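Reading through the structure tokens given below for one structure.
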């Protein structure tokens, strides 16, 4: 399998790249220019690293990929009334608009061939199915991805292209660390989530679960 991962500097992306490389995949990583050196140091010659200045939609794929993973997101927990317009726009662009634009670019440039699977994988959240205080824009973005994935699976129902939404509870990553009122010991481990994602796209079965919901069995809040 040859795989493309966006948002390569994030905790889930690192875990997923490690998982795919361990399974013999060829992995290409896309990150922002300011983070490229760190990503290259981590992987060396094991993976190719590409960078964009700011917008992931700037990336120009030069080949088709068996699986594309859209892991980029901005998480800015704050009451809506306190947000700036620029922050709202950035969260929507990074988490929703850019994945849609990149998907269009990939599909138009490299239409899914008959008899060969293509997987397009998006990271949702439990916020794709519920609303949580102080995360209104993030929830809106994830609800948008849910609608997009459902529509694309209908649009490509007669092909071998599959569109996935992997929605999980809070993970033990840099993003999860922004939640100060919860015990990090109860967070999901990104390696476990990455393993579930890899298991799905590697499966040769006709079984298809387009919405994978990975919840935390136990959620612990910190005492104030």
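General remarks:
- Computed extension gain for residue 158 through residue 117, at 0.36 nm per residue and net of the alpha carbon distance, reaches 13.6 nm.
- Using C-alpha pairs under 8 Å with a sequence gap of at least 6, the mean separation divided by the residue count of the stretch 2-214 gives a relative contact order of 21 percent.
- Rounded to the nearest 10 degrees, the inclination of helix 190-202 to the longest alpha-carbon principal axis of the chain is 30 degrees.
- Rounded to 10°, Cα long-axis angle of helix 11-22 versus longest principal axis of the chain: 30
- Expressed to the nearest 5 percent, the antiparallel share of DSSP beta bridges inside the chain is 5 percent.
- Between 0 and 90 degrees, the angle of helix 136-155 with respect to the longest Cα principal axis of the chain falls at about 20 degrees.
- Taken along the Cα-to-beta-carbon direction at a fixed 7 Å, the label points for residue 207 and residue 101 span 3.8 nm.
- Cβ-Cβ FRET estimate between residue 58 and residue 199, R0 fixed at 25 Å, reported to 0.05: 0.20
Coordinate-derived values only; no laboratory data. The model shown is predicted, which means the values in this text are computed figures rather than measured ones. Neighbour counts are summed over all protein chains in view; Cβ atoms, including those assigned to glycine, are modelled from backbone coordinates with ideal geometry.
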